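Comments concern the structure below.
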There are 4 protein chains.
Amino acid sequence: MTTVAVVYHSGFGHTQALAEAVAKGAQAVPGTKVSLIPVAEAEAREAELDAADAIIFGSPTYMGGVSAEFAKFKDWTSKRWMEGTWRNKLASGFTVSASWNGDKHNTIYQLLTLAVQHGMVWVGLGLPPGNNHSKGSSEDINRLGASVGAMAQAHADLGVEGIAASDFKTFEALGRRVAEAAGRWKEVPLAQAA
Amino acid sequence: MTTVAVVYHSGFGHTQALAEAVAKGAQAVPGTKVSLIPVAEAEAREAELDAADAIIFGSPTYMGGVSAEFAKFKDWTSKRWMEGTWRNKLASGFTVSASWNGDKHNTIYQLLTLAVQHGMVWVGLGLPPGNNHSKGSSEDINRLGASVGAMAQAHADLGVEGIAASDFKTFEALGRRVAEAAGRWKEVPLAQAA
Amino acid sequence: MTTVAVVYHSGFGHTQALAEAVAKGAQAVPGTKVSLIPVAEAEAREAELDAADAIIFGSPTYMGGVSAEFAKFKDWTSKRWMEGTWRNKLASGFTVSASWNGDKHNTIYQLLTLAVQHGMVWVGLGLPPGNNHSKGSSEDINRLGASVGAMAQAHADLGVEGIAASDFKTFEALGRRVAEAAGRWKEVPLAQAA
Amino acid sequence: MTTVAVVYHSGFGHTQALAEAVAKGAQAVPGTKVSLIPVAEAEAREAELDAADAIIFGSPTYMGGVSAEFAKFKDWTSKRWMEGTWRNKLASGFTVSASWNGDKHNTIYQLLTLAVQHGMVWVGLGLPPGNNHSKGSSEDINRLGASVGAMAQAHADLGVEGIAASDFKTFEALGRRVAEAAGRWKEVPLAQAA
């Protein structure tokens, strides 16, 4: 059994809905068990995080970066960092904001940097950009053209109904990709580098 | 007279057209003289660069970063870096790629890093994000929601005609903003920090 | 009178001591009034922030990014972002961590992104790198070779006494540079871009 | 047999020496074949790149980013990007500059972004920071405290003899880590995400 944890903060429900899409994608890979963990429950459910083969981090982009609630979780992981608990797990990440760009890269770089500080291996989105030629449309998977992690956009005045179907598909694909990679990766233990 | 130099590389004409929009915006500010300099002419026109109150850097985003031609220009500036020639000038930057995100931030961060290594002061785009609520549209200025510099998107199979009118407006606004800032900034010389 | 606000979070005292060095540098510029504001007091002292000609942001680097406490402040600024309150002020930033690199750039990029989202103009460190040739030493100003903002390093097991004298000098230089730039910048109001 | 390609540009020999250290580390993992490829030979040796299980990218940091020569190689890979040739290979990266920080992160982010655009999986350095407490020293492995990739520093006026022994050890560890990961990863093919 491969285990994937999705740990996220959601302020208004968008990131929650997208985290569920990531979980759904991971779940679709045979032999995968998924833990969907809001950051507020991270401490209580730390055993699930520590046992996971892969951890996928999610945060909305607020003022060009991860939310304060996600940052609190990030800082909380420092004990694990010191002990190397998450070393050599797989990792990935996702975010959402109200505009197409909206400095979401800064959030993704924070998620990536957190992961590599923990010694994790980063699985990017792995999808070619959608909607980058004149026959494309906003219905293309990866319509925003992300690469380091998954990105979604939803208008600031809309709730979860404002998230494009293509963004949900993109996030499902991220979950599937990470679950497949975790299944592949866990076959053989990686020796400790030193 | 305030002088603004726009130095750019264009592979297929998109960045050229956008550089012209930046120049047009700067030109619209009374008392501004603009130099539009392709990187291939940078060496021959170095006096214009050295005399400028502000330099705006432009490059397409190729494979998630500045083009090789722009990078060659970047490396060429190292003599100026050693001599502090561009210290305390104003700077800004812009890029274009085929998708909405497309890792354009990485190009902008390169342009910014180049500028601050030279001791320049960075003027960001200064426009709120467009198209980030349900009454917005792709016709909004700053439709991509950029902040560090200006960003445009044009489908990979289209030429200059594929650039949105709103992107041209965004780039004109960048030129205007930098020219205004340069006029303001040049009033008083900044003492050398040490 | 030019006013400079230094707003920062300090977990163990290092960032506090460095914020004081920044304030000292700014104070040394004739005609400058400095507000030193811990993020916990930002709400109570918001009038000082809103009135400042320049705001310098400071955060330790925790797990490769700004601390949760700083992130909370960052998110709190969103009302000002919507209203454009800080538009066209000058900005800069600084950070400290236990190792020479330690992903401090990620913290600085967050501070920069916050600033440019607010429409602020970014004043980088403006010092050439120290200690980059064989006659240099750890006593050189800007010994870490930073450019976007100021960076310091202090061993994890030491308190404020572990901060190098050269780092204090670097941070003073940042404060001085921003105060000088603010004095220069405030002469003429910048028209609103649009 | 696991194959690892190290593709790099070296202007003055430092990156060459460090690339050799990475290759030596990878070679030390039983069952690993290493190709050491200067970017000038990339086209002639493209079959080695395409056959590799992992590709490690290396560039000096010039003016806060990859060198023009490396950028030329980066742009050249666009055909492979369109065809997905390098999809699901492992990747990592390294850089060197004259100062401890020196904006090396910007180079590493370019290498990472290139890799994830190709759909590659990123193996970070995986070493805790050295020299971050008062019993540490410049002789510690990972003395600079890097995480996303490997970083070295050598004074601008010194040749290869100016590279610290600890940096060579760090780069060997990167090569070893990537080779081990590649051996582990290649066991099972990863299904195409979509």
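The values are calculated or read from the model by the stated rules, or taken from the named source; none is laboratory data. What you see is a predicted model, and the numbers here were worked out from it, not measured in a lab. Don't worry about glycine lacking a Cβ; one is built from the backbone with ideal geometry, like all the others, and counts go over all protein chains shown. What goes into the accessible areas is simple: the full protein's heavy atoms, side chains included, and nothing from ligands, DNA or RNA. Shrake-Rupley method; radii C 1.70, N 1.55, O 1.52, S 1.80 Å.
Quick notes on this one:
- Residue satisfying condition, being modelled with pLDDT of 95 or more, of a type in the set (G, A, S), outside any loop (DSSP other than H, G, I, E, B) and farther than 29 Å from D:W185 by Cα, within set A:S92, A:S166: A:S166
- Condition check for A:G64: open to solvent by less than 10 Å² (accessible area, probe 1.4 Å) and small (G, A, S): yes
- Screening B:A156 with (1) hydrophobic (A, V, I, L, M, F, W, C); (2) within 14 Å of chain A (Cβ to nearest Cβ); (3) surrounded by fewer than 24 Cβ atoms within 10 Å (Cβ to Cβ); (4) outside any loop (DSSP other than H, G, I, E, B) gives one miss only, at (4).
- The helices (runs of 4 or more DSSP H) located wholly in region A:1-86 that include 2 or more residues which are over 26 Å from C:Y109 (Cβ atoms) and in contact (Cβ under 8 Å) with a residue 40 or more places away in the chain occupy A:14-27, A:46-51.
Here's the yes/no breakdown for (1) within 15 Å of the chain's Cα centre (by Cα); (2) facing another protein chain (nearest Cβ under 9 Å); (3) farther than 25 Å from D:A173 by Cα; (4) basic (K, R):
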residue: A:G93; (1), (2), (3), (4): yes, no, yes, no
residue: A:A115; (1), (2), (3), (4): yes, yes, no, no
residue: A:V123; (1), (2), (3), (4): yes, yes, no, no
residue: A:G130; (1), (2), (3), (4): no, yes, yes, no
residue: A:F168; (1), (2), (3), (4): yes, no, yes, no
residue: A:E180; (1), (2), (3), (4): yes, yes, yes, no
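- D:A182 meets the conditions (1) in contact with a Gly (Cβ under 7 Å, 6 or more places away or on another chain); (2) assigned to a helix (DSSP H, G or I); (3) open to solvent by less than 10 Å² (accessible area, probe 1.4 Å) in every case but one. The failed one is (1).
- Those residues of region A:17-50 which are within 16 Å of A:D167 (Cα to Cα) and surrounded by fewer than 18 Cβ atoms within 10 Å (Cβ to Cβ), in sequence order: A:K24
- Residue tally, condition facing another protein chain (nearest Cβ under 10 Å) and either over 14 Å from the mean Cα position of the chain (by Cα) or over 21 Å from D:A156 (Cα atoms) (or both), over region D:48-66: 4
- Failed item in (1) buried (at least 24 other Cβ atoms within 10 Å of the Cβ); (2) modelled with pLDDT of 95 or more; (3) in contact with a Gly (Cβ under 8 Å, 6 or more places away or on another chain), with A:G102 passing the rest: (2)
- Selection within region C:67-85 - surrounded by fewer than 16 Cβ atoms within 10 Å (Cβ to Cβ), among the hydroxyl-bearing types (S, T, Y) and within 19 Å of C:A40 (Cβ to Cβ): C:S78
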